[in-house]
Amino acid sequence: MDNRITAMTGHQPHPGSGRTGMGEKAKNIKIEEIAKACGVRYVKVVDPFNVKKMIKTIKDFLKKDEVAVIVTKRECRLLTVRRARETGKKIPKFQIDQRKCKKCGLCLYMFACPAIYREGNEFKIDENLCTGCGVCAQICPAGAIKVKKR
């Protein structure tokens, strides 16, 4: 729900950015505060890159007998990568250990990361497209995805 940073829209100003369309300073509107002001009792802010916490929150909120709002907040990973490049910070890159990989395809077909691809019978990660978010490593049931050693 949080549109603070949306890579696909070109990072334009919006009510949560603290800037108007003309670039002037404006009040930063928080979706979670709006939900609470509307009487929503169950409001939680979650980092969508924390897969376990995200899944737990969704399961918990599905049990509620009333409106519940989950606000996901995380800077667009492309901006994080850009800032890291500008400052010389290293972004972790991930790789798939082919000996551990069970070829289930969860990383490619369910997660649908553009850096993950199939080559023959192997799943691989394109180092040039990997943004180092680490979600793939969290969702791999075989534990085959790890940070690549430099």
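A few remarks follow.
Here is a yes/no grid of residues against (1) surrounded by 12 or more Cβ atoms within 10 Å (Cβ to Cβ); (2) in the same structural domain as P141 (by TED's automatic domain parsing):
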| site | (1), (2) |
| --- | --- |
| I29 | yes, no |
| C38 | no, no |
| R41 | no, no |
| K63 | no, no |
| P114 | no, yes |
| G120 | no, yes |
| K124 | yes, yes |
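- Sole residue being of a type in the set (A, V, I, L, M, F, W, C) and modelled with pLDDT under 95, chosen from I116, I96, I91, I139: I91
- Inclusion of R19 among residues that are under 14 Å from R74 (Cα atoms), charged (D, E, K, R) and modelled with pLDDT under 90 is not warranted.
The values are calculated or read from the model by the stated rules, or taken from the named source; none is laboratory data. Just so you know, these numbers come straight off a predicted model, no measurement behind them. Here the Cβ is made from the backbone with ideal geometry for all residues, glycine too, and neighbour counts use every protein chain on show.
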